[in-house]
Structures are given as structure tokens and as C-alpha cells.
Amino acid sequence: MSSVSDVIVRPPSAPAPAPSPSYLEDGHTLRSWLTTHDHKRIAILYAISITVFFFIGGLAATVIRLELATPAGDLVSHDTYNKLFTAHGVIMVWLFLIPSIPSVFGNFLIPLMIGAKDLAFPRLNLLSWYLYVAGGAIVLAALALGGVDTGWTFYAPYATMFSNSWVALTLVGVFVVGFSSILTGLNFIVTVHTLRAPGLGWFKLPLFVWAHYATAIILVLATPVLAITTLLVVAERLLQIGVFDPAHGGDPLLFQHLFWFYSHPAVYIMVLPAMGVVSEIVPCFARKRIFGYRFMAYAILGIASIGFLVWGHHMFVSGQSLAASLVFSLLSFLVAVPSAIKVFNWTATLYKGSIRFDAPMLYALGFVGLFTIGGLTGLFVASLALDVHLTDTYFVVAHFHYIMVGGSVMAYFGALHFWWPKATGRMYPELWGRIAAVLIFVGFNLTFFPQFLLGLRGMPRRYHAYPPEFHQLHMASSMGAVVLALGYLLPLVYFAYSLRATCRTSANPFGALGLEWQTRSPPPTHNFDRPPTVPEHVYDYATPTKAEPARTPAAQATSP
Amino acid sequence: MNGVADIARDGGVAWLGGASSVAPRWDLLFGAMVLLCGTVALGVCIAILAFSIRYRAGAGRGEPGPQRTRAIEIAWTATPLAIFIVLFVWAAHDFVELYRPPADALPVAVVAKQWMWKLQHRNGRREINELHVPLGQPVRLLMTSQDAIHSFFVPAFRLKQDVVPGRYTGLWFTATKLGEFRLFCAEYCGTDHSQMLGRIVVMPPAEYTRWLGSGNEQPSLAQYGFALFRSLGCSGCHEPASTVHAPSLDGILGRTVHLQDGRTIVADENYVRDSILVPRKDVVAGFAPVMPSFAGQVSEEDIEALIAYLRSTGATAAGAGAPR
Amino acid sequence: MSAIAAPALAAADDAPRTAQLGMWIFLGTEVLFFGGLFVAYAVGRAHWPHGFAVASRHTDVVLGTVNTAVLLTSSAIVAFAVACADHPAQRRWTALALWATAALGVVFLAIKGVEYAHEWSEHLFPLADFALTEPGAELFWVLYFVMTILHSVHLLIGIVGVAAFARATGAGKSWPTPGRVDTMALYWHFVDIVWIVLYPLLYLVERHA
């Protein structure tokens, strides 16, 4: 029986106290949405805009894979192709992956998970979204005006001196989006420090909160370096002043150091929240405490801190000194240790559990498998001698897509399915959810595994046309991309379908722990009707004698 | 694509046979990593599958007893750490070798520009997008770019090095198989990045010598450099007979130089290049900073020729080191 | 499972602590922001020690020193304003001090403007007619302008903020609480500290080498 249909029959003389509206019903005008201070509404705003950018970036990828299905560059021109992979990277990194889990799920859930009414700075939160949209609009404007062809990494001196495209405008957009990131991170840190419910000590926090806290630290410390780097590139382009121009005494390698100082921690911004999501889903569907909670929390901090020290592993063949390469390689191996710990701990959580394979769990398990492969291939490129051959080839492309897509995007979809009932009060159709999860998993591997082999054979990155010996593997990858695309399109359909009134669900259809499940679905604007109770252990799914909550009748009725 | 001939194919879908002296070690390390990482990946995936089946809901399991986890956690922290350190050392050792070209390596000057490779052998013979080399003989490339950053990549050799404007970077190899091998540009450099292909042609030494000697009569790189040395006026100051007090450049490469600001450096190709283009950067102690700059008057090939000439005047042992 | 009830949102008097923590974190981001420029400066000086030395002799050390004194004084005054803000009876003094702080900030910008004017006429702007031929000198001046312009932008934001506080305090508005004044002063001190790092880097190092 859904919470919203709580009808109490009273005599007409005493009208029933109306339950406070859910955050979705609390104001129906567009204005109420665009001027909201409610972290949950802001999360929805982010979700919509992020989805738009995801599909635009995905469109670019579709054209890319279509072009690469054959060796000749015959679908689009060289310049167009170069602009396509740049657009794909810029949009997917800055307008999708970096904000995705933090700005949607972090925003929605952190106050709920710590028993607070909102984030520490609600208006700053809204500003973050507006900055994100403004920056995104600027990037789209640059695309509409003709695009940028520098690659998302916009290396000097090509980007500063030789590109004839909308570099400066795009980077202004990136600069603006960067401030959105910084403010979100700032908000999360202050929130976690100051707004936790009493009794909610650090080691009672869900790992989702730990992950976002660490991510927020990276956001506030790394993004400013991106900001100054984009500023210097824009200045060099517009004013021809040469900080990176060797002819003026500048150093192209300085650009790379500044760029990667941000962009390596950036990948941890993309993956740590995903790990936080997985750490919520796995215990719930295995009905068991997460294995090694403390090590998991320390591992998160370890990844965030060591992650700041490894940026030079993107520069092993750049001409940087041998000593620098040695240090960065060693540190890159070290940062793999906490990631390995997390994989082992998720796996061990399954041991002697009581596992259900609902869609969120399929995504979470998919994450663990694909992140493992992605992470292990990271060891290859951390190895100095191996990286000499593998860097700048499709091996690296496959490596980072395994982590970012096989990892982060799968976790994002897992989070979508897991918290959809909480956010909307509706349940998605479970069968279709599982079908999409499997399609995405299979399609992903079909698309990206061949790319490891391509890179091994020497296929360089960012090539519009390629020699014929790479044809078979590229064809295989492009065919896999069709399956993957299908998998991504399915949820659009069934999530929309699930918003119908007949798909109503209960406050806690999965029987999950976590304070967010103690309030209604969808929650009221102020989050909790009654103060939530903080459990003794955050993942106390322990004993088999605890009754496992059945799926609600309403939800079951809608499963096809 | 630049008229590249059919490249000899070997290996199936994934494997590309190695053709340089470092390739076997590379393949060994790679194979070991695949074995190791494959085992771990398989292990994790099998564990997940096994647990998913064995412990699925409704399968009936015993009470999960109190878990003594500390020992396991320490074990699977320390073990990967130890393995990673071994891997790091192994890969680092192989990597360092790439920075130690043998003293007898044949020098080849390379200039990359959008979107082609220009190469010049010691005797002056030039090539565009092709590099002929003898089998079994170390070859050392001295590379710079005229514009954006490029990257010299020969997959069959398992070697790659970025080519950067404003400085020299180096790459050395010994080809161990006859044939033709693809050369790619591996750093995105603009419109025709994917067209910046070439090939390395490995020939038997005798054939290489013949090839090198054929082609249009032209001065060797060092001879051309000597001609420039005079025509640009370098000899006017740097020859012993000159009335201008300027450092002698005989055997300059590899020599220790004391600079005006107190630093001491070993003169390498980058130092010579900087001295020609930005002479006031590293002034030698005891000399007035009166040398004019030749920026704009000399091309990258000219500088490489001047360096070849200076190298021919004798180099100390350290002068054969790779510039980075 | 023990149950501890969660209270309402953090009590009102915790708001200053929250805002302060937020400001400290924001200042942390600014450190990293300027940090990129300091790295560029360090690399430039390492590559071109002579060029940087020659270039830095053309900065106006007199005006730079005056400006340093101006900013340090303004920081002292804004600290005084923070102290006054704790005493509602001293509202006029608080407002006065805040206005004086903002005014000194304007003085700084004016002096900086004079410096830029001199540097323009001496062809020290890193444009086509840059005056110094020493290799690396132009890079120094690129960094000089980027750093000082960015600093001035931050100072301008501080001036506008402090002036807003001054006006509201003078008019008896309630929103400039002691906590908020303190947070604003924190920002002002940070802008001052950035200058304290820039001043020796740009005006003093190797001036008389």
C-alpha cells in the first residue's frame, strides 16, 4: 500500500490534517522550480540537463563509431571528425561525468542521508546549477558556431597557436562550469561537517557520503587549477601572449603539467561517487553488511589524496625528465592499492549474503567487473616501458572508457534505478530494468574490448581514417556500439512510462537501510516528517531472521 | 595515405610482431602483465559469479558468523602492493634503457611539421615520411617540431616519443627484422593528424650503405653545417684566429660548461640550439653576452646541420647521451 | 538498534561557523587558483634567471611598496572593523572602518593604474612592441600582468563587498551580523596575503643582482 494513499476516515466535523506535500508537489509553476532552494528539486534540474548533455555527447560518439566502421574517412571531413571527438570529450567529461552522480544523487541524498533539511548553502546550490547551465550553453554555442578541434585536452601549442576553431569560447564555457563544480564541492564539505544529525559520527556515515566528501575535496582543490589553465590558454589565444609558446620563452610542457594536475584528480571525481553508489547498492541486495567498512572509508581517502600525486603518468613520453617519470609511475602503482581493496571488499560482501538481482544490483555488479578490468589495464599504462607503446593508442581509450563508462555510467544508472522510487514515488518496470542492464553490459564489452586489441596493434588515438589492418576490430567495436546505444535508450522509455500514477510505490520498496529510506517516497520538502532514527551500524542488514520486505503490490502489478 | 606501401603483416588480430631490440623484453613484460591481471580479473569475476549463484536469495545459507576480517584485509592490501612494486621496478628498468643510446648509434635528424616527417641522415640524404635504416645497427633520432607537438610512433618497435617545438627530444632503436614498419604520428596535431603516416624501411647493412650513397650528390649534414657555420658568420667569432673573444666550439658536445650565473652544465644538443636562438640565456662565464641571436635566420634543419658539424669536431663521451 | 533522534536544521547561531567554514574552503580554492600562476612563475624563473632579473628591474618598486603599505593598513583597519562589529553600539565606527578599508582598496587600484600607465608608455606590455630583448623578460611581464590583473579583479570584488557591508552597517541594517563581517574580512585578508606573495616575487627578487 503506498504511503500517499494513506486515507484516514474521519467524521466530517474534523477534517483530516493534510500530509505536507512532497517536494514534487510543493509548487507547480516553472518559476517555483527555477527559483527553488530545495536540494531535491535542484537535483532533478541537474538530472534533466545532464541527460540532455549525455545524449548530445552520445550523438557525437555515434557519428564517430559510424565513421570508424570503415578505414576511409568518408562520412565526414577531417575537421568535422576532429570537432566530433572534441565535442564528445568536452561534453562527456565536463557536462556529464563530472557533475553526474554528485550533482544529481549527491545533491538529492546527502542531506537525507545525514538527517538534515538541506545542504549548508541552498542558494549557492541553485547558483551552481545556473552556472552549469550557463557554461553548458556557452559550450553548445561554440559547437553551433562551428565547433572546436583541439581534443578535450586542448594541448598547447596546437590549441593556443594553430587551431582555427572556437577554442577561447569553449574554454570560457569550461571555466564557468568549473565554478559550478567548485561551489558544489564547497557545499558538500561544509554540509557534511556541520549538518550531521547528532550521534551520526564519521564512522556511521554511509560510504556514499564518504565518497562524496572525498570527491568534494578534490573538486575544490583541483578545479581551480583547471580554471587558471583555461584562463592562460584563452589569454594566449586572444592576446598572443605566450606562457606556453616556446618562441616567447614559454614551455608547452608547463601546459601539460597544469592541465593534468587537474585532469587526473578529475577522474577520481568521476569514479569515487560511483564507488559510493555501489557501496550502497551491494549491501542492500546482498542483505549483508559491507565487508570492511573502515578500510573502505580509508581507501576512499587514500584514492583522493594519492590521486593528486600521479598526474605525470600522462606524460611519460612527453619529454619530461626520467626522474619525474619514475616518481609518477611508482605513485600510480600505489594509488591502485586502495582501489583493489574496494573491489575485494565488494566481492567479499557477497559471501554468505542473500543476493537478489534487481536492476540496481545488476548495474552494481557490472560496475565491479568492468571497473576491475579497467583498473587492471591501468596497471599496464602505469608501467613505464609498456606505456611507451600503449600511450596515445586505443589501449588508453579502452582503459578510460572501462572506468568511466563501464564504471561511472553503470553506477549512475544503478543509482537511477535504486533511488528512482525514492525520488519519484514510482517504480520502474523491473524486467525492462534488467534487460537494459544486460544490454548495456554486453554492448559495452563488445564496443570497448576490441579497442584494447586495437591499441596493442598500434592504432593511434584521434585518427579519422586508418590503415586497413585495423578494420576488423573497428567494425566489431562499432557493432557493439549499436547494442550499447540500445541499452542506453531503453531507460528513457521505461522511466518515462513509470511516471504514470499506477506505478506508485512505497517508502522503502527494496528494504534498504539509510536514513533516506525512513521518509516518504517522494520525500516532503523538508525531508523528514519525523526525525529519523540513526542506527547503530550503518549497514546493519545482518541476520537472516530479519524479514525481507516484499516488493509492494503496486510495484509488482506494473511489472510486465 | 602518403602513398605508404603495403606493410608486412604478422600476427593475427591482436598481436603485432616485434622488430626492434627492445620488443622482446616489452612483449615479455606485457605477457606477464596479461597473465597476472587476467588471473586477477578472472578470479574476481568467478568469485562474483560463484557467490551470486551460491548465495542467491532463497538458496539457504548458514548464519554468517562474526567475520575476523583484519588478517584478510591486510593480506590483500600487502600482496598487491608487493606485486605492484615488482612490476614498477621491472617496467622502470626497461624504460631507463630507452634513455641510454649506444655511443655508436647512427644519428638521424628529424623535423616534424604539420603534417609530415622530414628526416635527414648524417651524410645529408633526406627523406620525407620514410626512414631507411640498417638491420642490427643502433640508430639515434634527434627530433624537434616546427609547429605543434607530434609524436614519433613505431608500433613494431614498441617505441614512441613526443616531438616538441622549441627543444630536442630523442629516441633510439636497433631494428632486428628486415621489412617495412608503420610510422604513426601519435599526438593529435590538427586536421591531417591521421594522414601523418610514414614507414621505417629496414635493410641489410650493405644495401643500406648503397642506398645511403645513392641519390643526389649532396653535402653531408656535417658538411652542410660547416658551410652554414661560415656563411652565417659563426666562424667569425668562434674560430681561434678571431679577434672577438668567443668560446671555442671544438668538441663542445658533452663538454662541461661553466655559466656566468654560477651554474655548471653539460653541453648537449638542446644547449647548442638555445645558444644559437637565444644566446643570452646561458652565457659562458668570462665572456661578454655579445652574441647575436639567429632566430628567424635558421630553420630547424639548419640547426640540426650545425649540430652535426659541431659533433664532427669531436665529442666527449657524454656527448652521445640522448637529449630529453 | 539504538535510536537517536535527529534535530532540526543546525541552530541559527551555528550559521556563522558554517559561513566561515565555507569561506575558508573558498579561499583554499583561490590558493590553488593563484598557485598555478606561481608554478608558471617558478618554472619561468628557473628557465630564464637572467631574463627575469632584468625584467623585474623595470617594475616600479616605489609604487609597489606604497601599495603594499596601503593594503597592509587596510587589513589592519578591517580587523578593527570586525572588532567593532561585535559591539552594536559602535555601529558608526564599524561603518567608518569598513568605508576606510574600501577606500584604501580604491587607492591601491588607482596606484596600480598609474603603474600600468607608466608600463604602457615604456612598452612593457607583452605585445608586438615589447621593449626588452632579454630572453625570458617577456615571459616575466606576461606573468606580471596576469597575476596583478587577477589580483586586482579579486580586490575589486572585495571593495564592492566591503562597501556593501559599510553601507548596510551605516544604515542600521540587520544583515551585516558580526559573523558575516568576519567572513568578509577573511576574504579581504586573503586578497592582502596574495599581494604579500606577489610583491616580493614581482618587485624584489634579484632587483640588485
**Item:** Cut-off 9 Å between beta-carbons: net charge of the residues surrounding A:ALA359, Lys and Arg +1, Asp and Glu -1
**Value:** -1
**Prompt:** Hey, got the dipole for segment B:221-312? About the Cα centre, +1 on K and R Cβ, -1 on D and E Cβ, debye to the nearest 20?
**Reply:** 240 debye
**Request:** Could you run the Karplus curve 6.51 cos²θ - 1.76 cosθ + 1.60 with θ = phi - 60° over segment A:510-519 and give me ³J(HN,Hα) per residue in whole Hz, x for Gly and Pro?
**Result:** 9, x, 8, 8, x, 5, 5, 7, 8, 10
**Request:** Return the sequence-ordered ³J(HN,Hα) values of segment A:101-115 in whole Hz as given by the Karplus equation 6.51 cos²θ - 1.76 cosθ + 1.60 applied to θ = phi - 60°, using x for Gly and Pro.
**Result:** 5, x, 6, 8, 7, x, 4, 5, 9, 4, x, 5, 5, 9, x
**Prompt:** What do you get when you divide the Cα radius of gyration of the protein assembly as shown by 2.2 N^0.38 Å, with N the number of residues?
**Reply:** 1.02
**Asked** Can you tell which of B:THR79, B:THR69, B:THR256 shows the greatest fluctuation in a Gaussian network model of chain B with Cα springs below 10 Å?
**Response** B:THR69
**Prompt:** Taking amide hydrogens as modeled 1.01 Å from N in the peptide plane, which residues meet the under 5 Å criterion relative to B:VAL266, leaving out close sequence neighbours?
**Reply:** B:VAL257
**Message:** On a 19 Å Cα-Cα criterion, which of the cross-link pairs A:LYS117/A:LYS422; B:LYS118/B:LYS160; A:LYS117/C:LYS173; A:LYS204/A:LYS422 come out too long?
**Reply:** A:LYS117/C:LYS173; A:LYS204/A:LYS422
**Prompt:** Bin by bin, in steps of 10 Å, what percent of the Cα pairs in chain C do you find, going until the bin that has the longest distance?
**Reply:** 8, 29, 28, 17, 11, 4, 2, 0
**Item:** Rg over Rh [alpha-carbon atoms, Kirkwood Rh] for segment A:48-154
**Value:** 1.11
**Asked** Between C:ARG167 and C:ILE193, what is the label-to-label distance in nm when each label sits 7 Å out along the Cα-to-Cβ direction?
**Response** 2.9 nm
**Item:** Size of electric dipole in the protein assembly as shown: Cβ of Lys, Arg +1 and of Asp, Glu -1, about Cα centre, debye, nearest 20
**Value:** 3300 debye
**Request:** Mind listing the long-range amide H neighbours of A:ILE355? Cut-off is under 5 Å, sequence gap 5 or more, other chains count too, H placed in the peptide plane at 1.01 Å from N.
**Result:** B:ARG56, B:ALA57
**Prompt:** A:LEU231: net charge of surrounding residues, Cβ under 15 Å, Lys/Arg +1, Asp/Glu -1, itself excluded?
**Reply:** -1
**Asked** Among C:LEU124, C:TYR199, C:HIS154, which residue has its Cα positioned farthest towards the positive end of the charge dipole of segment C:91-209, with +1 placed on the Cβ of Lys and Arg, -1 on the Cβ of Asp and Glu, and the dipole taken about the Cα centre?
**Response** C:HIS154
**Prompt:** Using modelled amide H (1.01 Å from N, peptide plane; none on Pro or chain starts), what sits under 5 Å from the amide H of B:VAL163, excluding residues fewer than 5 places away?
**Reply:** B:HIS150, B:SER151, B:PHE152
**Item:** Contact order relative to length of segment B:106-213, as percent, for alpha carbon pairs under 8 angstrom and 6 or more apart
**Value:** 30 percent
**Request:** Set Lys and Arg Cβ to +1 and Asp and Glu Cβ to -1, take the dipole of chain A about its Cα centre, and tell me which of A:GLN320, A:GLY414, A:LEU186 lies farthest positive.
**Result:** A:GLY414
**By average C-beta atoms within 10 angstrom, highest first, the peptides A:361-367, B:19-25** = A:361-367, B:19-25
**Message:** For A:LYS288, give me every one of the aspartates and glutamates with a C-alpha distance below 14 angstrom, ignoring sequence neighbours fewer than eight places off in its own chain.
**Reply:** A:GLU280, A:ASP540, A:GLU548, B:GLU63
**Complete:** In debye to the nearest 20, the charge dipole size for segment C:22-208, taken about the Cα centre with +1 at each Lys and Arg Cβ and -1 at each Asp and Glu Cβ, equals 760 debye
**Asked** From the phi of every residue in segment A:156-164, what ³J(HN,Hα) in whole Hz does the Karplus formula 6.51 cos²θ - 1.76 cosθ + 1.60 yield, where θ is phi - 60° and glycine or proline is x?
**Response** 7, x, 4, 5, 7, 10, 10, 7, 9
**Message:** Quick check on the protein assembly as shown: helices-only [θ] at 222 nm, where DSSP H runs of length 4 and up contribute -39,500 (n - 2.57) each and the sum goes over total residues. Nearest 500, please.
**Reply:** -19000 deg cm²/dmol
**Between segment A:505-521 and segment A:357-371, the Cα center-to-center distance that results, in Å** = 21 Å
**Modelled FRET efficiency - R0 25 Å, A:SER321 with B:VAL89, Cβ distances, 0.05 increments** = 0.85
**Request:** With springs only between Cα atoms under 10 Å apart, run a GNM on chain C and tell me which of C:VAL70, C:VAL82, C:VAL43 wobbles the most.
**Result:** C:VAL43
**Message:** Could you compute Rg(Cα) / (2.2 N^0.38 Å) for chain B, with N its residue count?
**Reply:** 1.34
**Asked** Under a plain spin-label model, where a point goes 7 Å from the Cα along Cα-to-Cβ, how far apart in nm are B:ASP104 and B:ALA75?
**Response** 5.4 nm
**Among C:PRO176, C:TRP141, C:PHE34 the positive-end extreme of the charge dipole of segment C:22-208 (Cβ point charges)** = C:PRO176
**Prompt:** Is segment B:105-243 best put as rounded, prolate or oblate by its Cα gyration tensor, with a ≥ b ≥ c the root eigenvalues, rounded for a/c under 1.5, and otherwise prolate when a/b is larger than b/c, oblate when not?
**Reply:** oblate
**Asked** Tally Lys/Arg at +1 and Asp/Glu at -1 over every other residue whose Cβ is under 15 Å from the Cβ of C:ALA42; what's the total?
**Response** -1
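Rule-based calculations on the coordinates, nothing more; no lab input. Keep in mind it's a predicted model, so treat the numbers as computed, not measured. Reconstructed Cβ throughout: ideal geometry from the backbone, glycine too, with neighbour counts over all protein chains shown.
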